[in-house]
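This report concerns only the one structure given below.
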Amino acid sequence: MKMHWILTSICLLLFASTLVGVASADLSESMSPVTGNVFVSSVTFYPEVFFTGDKGTATYVVMNSNTNTSVMLNHGTFSDDNFKLLSGTYDFSNTLGPLQTRPFTFSILADVPEGDYYPSFSLSFYNSNLYHKTLVQVDNTPLELTVVDKPDAFTQGKKKTITIQVANPRKNDVRNMILEVAGDGITASPSRTFVGDLASGAKIPVNFSVTPDKETPLALTLTYDNGDNPHTVTMNIPVTFGTDKKQADPVMSNVIVKNDGSVYHVTGDVNNAGLDTANTVTVTSLSPAVPQDPYKTYVVGALKADDFGSFEVTFTTDANSTSVPIQLSYRDSDGNIYNSVQNVNIPSTGITAQKSSGLPLVPIIAGLVIVAVFVGGWFVYIRKNKK
Amino acid sequence: MKESLINLLINTDTFFRNAMEEEENFTIPVLIVLAVGIISAAYGYLIGRLTSQMMSAVTPGIESIILISTILGAIIGTFVFWLIWAGVLYGFSAVFKGEGTFKRTLEFTGYGYLPQIIGSFITLAAAFEYLPEVKVPQISTAGIPTDQLGQVIQNAVSTMMHDPAMVELTQITVLITIVFLLWSANIWIFGIRHARKLSPRDGALCVGIPVIAYILYMIYNLGVS
């Protein structure tokens with residue numbers, strides 16, 4: 001019996017010593033200075049912030065900061081209850097030399113709702129384990145599309161420019177942004193624009209022009225990559241026809257018509273009563289007038305709002321004309337040509353006026369008097385000879 | 001022709017009475033008409049130069065054509081008009097039962113051009129004075145559709161003809177022409193009277209009717225142009 005107790009005690013001691021031995025293998029006093037210098041030096045998630053459903057990678061870089069001791073690495077694993085691991089674990093052994101680093105990359109799927117998550121990375125040494133938890137976020141905030149500038153109204157067949165702004169309210173950069181513009185009966189230029197990358201918190205303007213043939217919604221589609229995952233944001237802009245309240249409105253005034261005996265000269269001012277700039281303003285005369293040198297067409301140039309310029313056009317016209325249409329043309333910033341016509345009365349002086357200003361009485365009377373004298377003289381002569 | 005041309009101007013009746021005693025001789029009449037034609041050609045040259053200046057942009061090289069046709073047209077036209085005018089007088093005199101050859105009528109009609117040499121000179125002097133002041137419109141074909149070119153040329157010619165200097169020249173020319181045409185008519189009355197053996201009244205009517213009709217036509221044109 002005594003012997004039995006002694007054997008039992010010895011077994012218990014041996015078991016206890018085994019337990020203590022196992023515990024001391026993890027935290028062995030002799031090895032802890034070595035394994036304590038092996039740590040995760042950096043963690044990289046790509047993309048940095050996931051959308052729900054995004055695939056990506058998590059890369060843990062392990063560093064051995066010991067200066068003269070190698071360590072054996074085993075069984076690198078990524079584990080989380082929410083993120084799905086798409087790739088396998090690192091089951092093989094690797095020796096990590098002094099001052100060396102080794103990355104462990106895992107493909108993961110963020111099949112989780114928005115929120116903050118803390119997946120863990122673990123690594124086994126021959127006599128200890130390494131655990132590392134890092135924050136990774138899932139944020140479904142999309143990019144923002146904002147209309148910065150567009151015309152008040154569109155005109156059928158006239159090209160107009162629209163400026164939008166793409167902003168990135170996310171906490172990470174996005175890549176490969178492409179803007180597509182489409183609509184029924186709309187010609188867009190460019191219809192597809194590569195915008196490029198956009199940093200977190202940054203914004204970028206994008207211009208494009210549209211020429212509508214009918215009223216329709218204009219669909220803007222912005223595609224971009226979060227990591228390698230494509231995403232889309234859309235916006236509709238209504239295209240309605242009407243009068244642009246800001247459009248340039250050149251008006252002729254102070255119009256004076258003169259002639260120098262050979263051609264009519266029409267001078268005046270052109271005032272831009274609109275809000276937009278009128279580009280390449282030109283003035284010319286229309287039929288029945290026939291433009292003549294030196295000012296067949298007068299180029300006034302660009303007129304900003306409230307600005308004015310002078311013009312002069314020269315022309316001839318047929319004798320029956322009492323007024324002549326003067327055409328004023330300009331282009332908007334998109335190159336569309338707008339025309340307006342104003343009739344200018346031809347004054348009662350000048351070429352036509354000379355014709356209609358009355359008979360040249362003096363030479364006519366003089367001619368008649370001469371004829372009368374001649375006839376009278378002969379009448380008297382004949383009567384005298386008769387007698 | 002023994003008679004002096006001075007007599008033709010101041011003693012016309014005697015001049016033609018004496019001329020009737022001689023054979024028809026066209027030397028002097030032809031020279032008189034030629035002189036009128038040459039002076040008219042000079043006048044035509046001045047006007048043609050303005051026209052060619054205006055048309056040069058439309059048809060390059062047309063200047064010489066215009067000038068040659070103007071000069072030849074003036075000379076030949078004067079002779080042709082002499083023939084026609086003699087024919088008219090001959091025709092009118094036939095109504096009054098005139099007797100005499102057309103040859104004689106043609107000869108005496110040619111003498112009647114003598115005052116017009118003076119009138120043409122004065123007209124030419126006026127043209128030298130006024131034509132440099134006429135502003136000639138330049139026709140440029142650039143940018144003008146072909147179907148509008150005719151209208152452009154017409155407008156340009158009309159513009160030039162209504163230039164103040166040109167209008168004044170036209171009026172002066174008409175008045176001078178009237179005065180010297182009546183002087184010529186005076187000679188033609190005596191001429192046709194002797195050539196066709198008419199009374200003074202018939203001679204005056206023969207010449208007076210067409211001449212005054214022509215003058216009234218010129219005055220009418222002056223008013224409507």
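The values are calculated or read from the model by the stated rules, or taken from the named source; none is laboratory data. Predicted model, so just to flag it, every value in this text is computed and none were measured. We place every Cβ from the backbone using ideal geometry, glycine too, and count neighbours over all the protein chains shown.
I'd like to verify a number: residues in region A:173-205 that are part of a strand (DSSP E or B) and over 23 Å from A:Asn229 (Cα atoms), how many?
Qualifying residue count for the region: 6.
From the list A:Leu303, A:Leu198, pick out the single residue that is more than 14 Å from every other protein chain (Cβ to nearest Cβ), within 24 Å of the chain's Cα centre (by Cα) and crowded, with 18+ Cβ neighbours inside 10 Å.
One residue alone meets the criteria, A:Leu198.
Those residues that are of a type in the set (Lys, Arg) and either within 19 Å of A:Ile337 (Cα to Cα) or at pLDDT below 90 (or both), I need them from region A:184-214; list them, please.
Result: A:Lys214, single match.
Looking only at region B:198-208, filter to residues that are of a type in the set (A, V, I, L, M) and touching a helix residue (DSSP H, G or I) at 6+ places or on another chain (Cβ under 7 Å); which one of those is farthest from the other protein chains (Cβ to nearest Cβ)?
It comes out as B:Leu198.
What number goes with the only condition from (1) over 20 Å from A:Leu130 (Cβ atoms); (2) modelled with pLDDT of 90 or more that A:Phe78 does not pass?
(1)
Looking at (1) at pLDDT 85 or above; (2) assigned by TED's automatic domain parsing to the domain that holds A:Leu328; (3) buried (at least 17 other Cβ atoms within 10 Å of the Cβ); (4) among the small types (Gly, Ala, Ser), which is the one condition that is false for A:Ala273?
(3)
Restricting the search to region A:41-68, which residues are under 14 Å from A:Val136 (Cα atoms) and over 37 Å from the mean Cα position of the chain (by Cα)?
Correct list: A:Ser42, A:Tyr60.
Any residue in region B:20-35 that is within 21 Å of B:Val134 (Cβ to Cβ) and either in contact with a helix residue (DSSP H, G or I) (Cβ under 6 Å, 6 or more places away or on another chain) or free of Cβ contacts under 8 Å to residues at least 40 places away in the same chain (or both)?
No, there is no match, as no residue in region B:20-35 is within 21 Å of B:Val134 (Cβ to Cβ) and either in contact with a helix residue (DSSP H, G or I) (Cβ under 6 Å, 6 or more places away or on another chain) or free of Cβ contacts under 8 Å to residues at least 40 places away in the same chain (or both).
For region A:296-308, enumerate the residues that are in a strand (DSSP E or B) and within 20 Å of A:Asn336 (Cβ to Cβ).
The answer is A:Thr297, A:Val299, A:Val300, A:Gly301, A:Ala302, A:Leu303.
A:Ala319 versus (1) part of a helix (DSSP H, G or I); (2) modelled with pLDDT under 75: which is the lone unmet condition?
(1)
Looking only at region A:226-274, which residues are assigned to a strand (DSSP E or B) and of a type in the set (S, T, N, Q)?
A:Asn226, A:Asn229, A:Thr232, A:Thr234, A:Asn236, A:Ser253, A:Asn254, A:Asn259, A:Thr267, A:Asn271, A:Asn272
Does at least one position in region B:179-197 carry a residue that is of a type in the set (Val, Ile, Thr), within 9 Å of chain A (Cβ to nearest Cβ) and either in contact (Cβ under 8 Å) with a residue 60 or more places away in the chain or not in a helix (DSSP H, G or I) (or both)?
yes
Residue check, A:Ser323 against (1) within 14 Å of chain B (Cβ to nearest Cβ); (2) without any contact (Cβ under 8 Å) to a residue 24 or more places away in the chain; (3) among the hydroxyl-bearing types (Ser, Thr, Tyr), all met but one. Which one?
Against the list (1) within 14 Å of chain B (Cβ to nearest Cβ); (2) without any contact (Cβ under 8 Å) to a residue 24 or more places away in the chain; (3) among the hydroxyl-bearing types (Ser, Thr, Tyr), A:Ser323 comes up short only on (1).
Can you find even one residue in region A:10-28 that is modelled with pLDDT of 50 or more and surrounded by 13 or more Cβ atoms within 10 Å (Cβ to Cβ)?
no
Can you pull out the residues in region A:145-163 that are in contact (Cβ under 8 Å) with a residue 60 or more places away in the chain and not in a loop (DSSP other than H, G, I, E, B)?
A:Leu145, A:Val147, A:Phe154, A:Lys160, A:Thr161, A:Ile162
What number of residues within region A:206-225 are out of contact with any Phe, Trp or Tyr (no Cβ under 7 Å at 6 or more places or on another chain) and outside any strand (DSSP E or B)?
2
Show the residue pairs meeting these rules: Cβ distance below 8 Å; 6+ apart or different chains; first residue within region B:74-96 and surrounded by 14 or more Cβ atoms within 10 Å (Cβ to Cβ); second residue of a type in the set (D, E, K, R) and in a helix (DSSP H, G or I).
B:Ser93/B:Asp202; B:Phe96/B:Asp202
Conditions first: (1) in contact with a Ser or Thr (Cβ under 9 Å, 6 or more places away or on another chain); (2) part of a loop (DSSP other than H, G, I, E, B); (3) at pLDDT 85 or above. B:Met1 passes all but one, so which condition is the exception?
Tallying (1) in contact with a Ser or Thr (Cβ under 9 Å, 6 or more places away or on another chain); (2) part of a loop (DSSP other than H, G, I, E, B); (3) at pLDDT 85 or above, B:Met1 fails exactly one: (3).
Condition first: exposed (fewer than 15 other Cβ atoms within 10 Å of the Cβ) and either touching a His at 6+ places or on another chain (Cβ under 7 Å) or within 14 Å of chain B (Cβ to nearest Cβ) (or both). Can you find one or more residues in region A:242-259 that meet it?
Among the residues of region A:242-259, at least one is exposed (fewer than 15 other Cβ atoms within 10 Å of the Cβ) and either touching a His at 6+ places or on another chain (Cβ under 7 Å) or within 14 Å of chain B (Cβ to nearest Cβ) (or both), which makes the answer yes.
Counting only residues that are within 14 Å of another protein chain (Cβ to nearest Cβ) and either part of a loop (DSSP other than H, G, I, E, B) or closer than 18 Å to A:Asp244 by Cβ (or both), how many does region A:275-295 have?
So the count comes out to 8.
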